[in-house]
1. Checking the conditions here, which among Asp136, Asp165, Asp196, Asp100 is over 20 Å from Asp60 (Cβ atoms) and at pLDDT 95 or above?
2. If you check Ala86, Ala72, Ala14, which single one turns out to be assigned to a loop (DSSP other than H, G, I, E, B), at pLDDT 90 or above and not assigned by TED's automatic domain parsing to the domain that holds Tyr191?
3. List, please: which pairs have Cβ atoms under 9 Å, are six or more places apart or on different chains, and start with a residue in segment 169-194 that is assigned by TED's automatic domain parsing to the domain that holds Leu109 and at negative phi and end with one that is outside any helix (DSSP H, G or I) and of a type in the set (A, V, I, L, M)?
4. When segment 17-39 is examined, which residues are found to be surrounded by fewer than 11 Cβ atoms within 10 Å (Cβ to Cβ) and in a strand (DSSP E or B)?
5. I'd like to check something: does segment 161-184 contain any residue that is aromatic (Phe, Trp, Tyr) and outside any helix (DSSP H, G or I)?
6. Being in a loop (DSSP other than H, G, I, E, B) and of a type in the set (Asp, Glu) is the filter; apply it to segment 95-108 and report the residue that is surrounded by the fewest Cβ atoms within 10 Å (Cβ to Cβ).
7. Could you list, in sequence order, the residues of segment 1-34 that are without any contact (Cβ under 8 Å) to a residue 60 or more places away in the chain and touching an Asp or Glu at 6+ places or on another chain (Cβ under 8 Å)?
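The values are calculated or read from the model by the stated rules, or taken from the named source; none is laboratory data. In this text the structure is predicted, and so the values were computed from the model without any measurement. Cβ sites come from the backbone with ideal geometry, for glycine too, and all protein chains shown count toward neighbours.
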Amino acid sequence: MTDKTAEIQITMNAALNAPHQRVTLCQTRQGLRFWLKRVERFAPHLWLVKGKPEQAFDRDRQSHRYLWNRGAAVPRILAEGADFIAVEDAGCSLTKLCDDADVATTDKLKAIRAAGHALARLHAMGLAHGRPAFRDMCWDGRQIRFIDFEYFSPSNAGRLRKARDVGIAILSALSQGLEGPRYAQCILSTYLSVQDSLPQALPVPCPVSNSQPRIRK
């Protein structure tokens, strides 16, 4: 076990032994940030509205693993167990980025163009996110990665599901204050230009094994 792996294990164990939180931002002593996601806890009567939390958690985890194995733009899985999954920090959501007055408009547009590119690439793989709102697309200064997959389906995505993705992304862009129309135009124009240049189907990489539980190096 490497020092990095040991640090992740120690930090993760501390979070698992702390009072329960559905999502926890963790940081090792070496500065590595990652998110620990656990099964949500709520009153049994809410199952009628939200469904069984174990099923919702497993669906989200299975979707994340499927997308990771396909080479999609999602955070790397660091560890997982029966009732948790730890994934690397993917940076700031586009919602928070657009709301940050200290970030220059040019930098915001750069991130949004990257989002349009990532969405077009996902669709070229025959997949759709299901709800690619700005809060579900994260930017670390280099790349966009998708999070939260409760609306994801591994089946081949047709035009309707892809169009729904694009519509949600545009509506989310429009909701980002006065610059919303500019953001919407940016993500749509990038998506269209990239879509025209990508092949209809991208090659599928070799799957990454996901035995449980383990720490991923």
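1. Working: Asp136 fails: over 20 Å from Asp60 (Cβ atoms); Asp165 fails: over 20 Å from Asp60 (Cβ atoms); Asp196 fails: at pLDDT 95 or above.
The unique qualifying residue is Asp100.
2. Details: Ala86 fails: assigned to a loop (DSSP other than H, G, I, E, B); Ala14 fails: assigned to a loop (DSSP other than H, G, I, E, B).
Checking each option against the conditions leaves just Ala72.
3. Partner pairs satisfying both residue conditions: Ala169/Ala133; Ala169/Met137; Leu171/Ala133; Ser172/Ala133; Ser172/Met137; Ser175/Ala133.
4. Correct list: Val23 only.
5. Initial filter on segment 161-184 (aromatic (Phe, Trp, Tyr)): 183.
Remaining after also requiring outside any helix (DSSP H, G or I): none.
No, segment 161-184 has no match at all.
6. Among those that are in a loop (DSSP other than H, G, I, E, B) and of a type in the set (Asp, Glu), it is Asp102.
7. Step one: of segment 1-34, the residues without any contact (Cβ under 8 Å) to a residue 60 or more places away in the chain are 3, 6-7, 10-11, 13-15, 17-24, 27-34.
The answer is Arg22, Thr28, Arg29, Gln30, Leu32, Arg33, Phe34.
Conditions (1) in contact with a strand residue (DSSP E or B) (Cβ under 6 Å, 6 or more places away or on another chain); (2) more than 19 Å from Tyr66 (Cα to Cα), marked per residue:
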residue	(1), (2)
Ala124	no, no
Ala128	no, no
Pro132	no, no
Met137	yes, no
Gln143	no, yes
Arg164	no, yes
